[in-house]
Each structure stands twice: as C-alpha cells, then as structure tokens.
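Nothing in this text is a laboratory measurement; each read-out follows from the coordinates by a stated rule. What you see is a predicted model; the values in this text were computed from it and never measured. So basically every Cβ, Gly included, is an ideal-geometry build from the backbone, and we count neighbours across all protein chains shown.
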Amino acid sequence: MSRANRKKTSKKPARPKKTKEQKVMQAKEKAIYERNRIALAYMELAKDKTFQKLEEDYKLDLVKEVLAIGDEVASWVVAEYGTNDPRKIAAQLGVKVFGEDSTDKKKKTPSEYRKEKKEIVVYRDFHEKLLREVRSTELSENLLKFVVAHELFHHLEINRIGEVYKRYKFLAWRLGPYAKEKNIRGLSDVAAQAFTLSLLELDISPQVFDYLTYILYTNP
C-alpha cells in the first residue's frame, strides 16, 4: 500500500500525568470509599446472630465478595440498558414504580419491592421526611433514585441472578450426625447497597456516610 493510500490518523492529545500528590489523594479517597462501604455492610449484618458467630477474617472476605456481586451487576445493567437511571431501567424491565402513603407507621423502610406484581413502592411520608432532613446536595438529588435502585436490585435477584443470600449457607448447629444450616438474608441487602452506590456513582463522603446510616438504619 502506497503512502498516498494510507489513512491519516490523528493522534489524541496525551492526558496530563497525575502528580504524586494527586495519586496519593486518589488512593486515599478510594480507601475511604471502600472502608465506608464495608462499614455500612457490617451495620446491615450487625443483628444477625449467624453472621456474628463467624470468624472475623471470614466476615470481611464474605462482605467483600458480596459487595463485588453488587458492583458486577451494576456494571452489566448499565451496559445492557444504556443508562444508570434506575427508573428508566425499571421501565424497560416492565417494573412499575410509584409512590404510596404508608399505612403501617411501624415500617422502617422507605420502599419495598412487591415481587408478585413486579412493583417498586416508595413510601411518600418517609421520602418527604428525608428530603426535609438530608443536607447533602449529592444525596438529596439522588434520593429517589437511591431507594428505587435498591429495590430494583431485588427485582433482578428474583428474576435474573437468583437471590444472593441463598448462595451462602452457614452451620447453625451440629449434634452428632445431625446438623442444621442457615442463610444470612442481610447479604442480599449488602449486595443491593453495592449495586446502588455503583449504579449511581455515589461518592461516600463522611457526610454522605452519616446520612446513609440515617436513611438505612433509623426508624422514620
């Protein structure tokens, strides 16, 4: 092939190299993000007696493995549906998303997934309360997406990937030749947390961490 027939390729401008300080800062931010994700996972599992009986090293490995499941699902969902907006993804999946007043004042959740009808319900009273109280701009702007994404993961569990908590069984007791195994249901919510944070690309700053703790674990 002659030079005249060769296609000219334009060189992309080289990206400016990161300074040592920038690399250190980035590594530090990544470590804080991961530490906070793990802390949220431990809060989710804090009251589970089976989880508490596990060896500390195994607890950490288990949490990291389940968080990775949520991250992986978020990655292929964005690639498959071309958006990271959980409401648009839900619409493509035929899942109805709507608001509803809570009739049970003892409910501790801002939302729920109703698998029989393939519906995600966001409880208005809890959502409005959070909008008044959350002072993190990043989180308040994504609050509705946050709760929808969490429930969307549970839809995907039931209809696509299988319920995450059922992948893991733990010895509850053994008596001679007899033994009983248990699941830790909270592992599904740990994976849902990771899915939500990865899907929405939320940075868990100390302030956001505090509000996430409030949203997830405080009785409205």
If unit charges are put on Cβ atoms (+1 for Lys and Arg, -1 for Asp and Glu) and the dipole of the range 22-217 is taken about its Cα centre, the option from Ile204, Tyr168, Ser111 lying farthest towards the positive end turns out to be Tyr168
Filter the trypsin sites (Lys or Arg not before Pro) in the range 41-84 down to the DSSP loop ones having no more than 16 other Cβ atoms within 10 Å, then list what survives. Lys47, Lys53
At R0 = 45 Å, how high is the FRET efficiency between Lys20 and Glu133 if r is their beta carbon distance? Nearest 0.05 is fine. 0.65
DSSP-assigned coil residues among chymotrypsin sites (Phe, Trp or Tyr not before Pro) in the range 127-174, each with at most 15 further Cβ atoms within 10 Å: Tyr168
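With r as the distance between the Cβ atoms of Ala79 and Ile38 and R0 = 22 Å, compute the FRET efficiency 1/(1 + (r/R0)^6) and round to 0.05.
That pair, Ile38 with Ala79, gives E of 0.25.
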Counting pairs of Cα atoms in the range 22-217, how many percent are more than 25 Å apart? 40
Quick one: check the C-alpha center-to-center distance for the range 144-207 versus the range 17-60, whole angstrom. 16
The answer for Val97, listing residues at least 5 apart or on another chain whose modeled amide H is closer than 5 Å to its amide H, is Ile120
What's the extension gain from Trp173 to Lys96 if we count 0.36 nm per residue and subtract their Cα-Cα distance? 23.5 nm
If neighbour count is taken as other Cβ atoms inside 10 Å, put Asp48, Asp203 in order from fewest to most. Asp203, Asp48
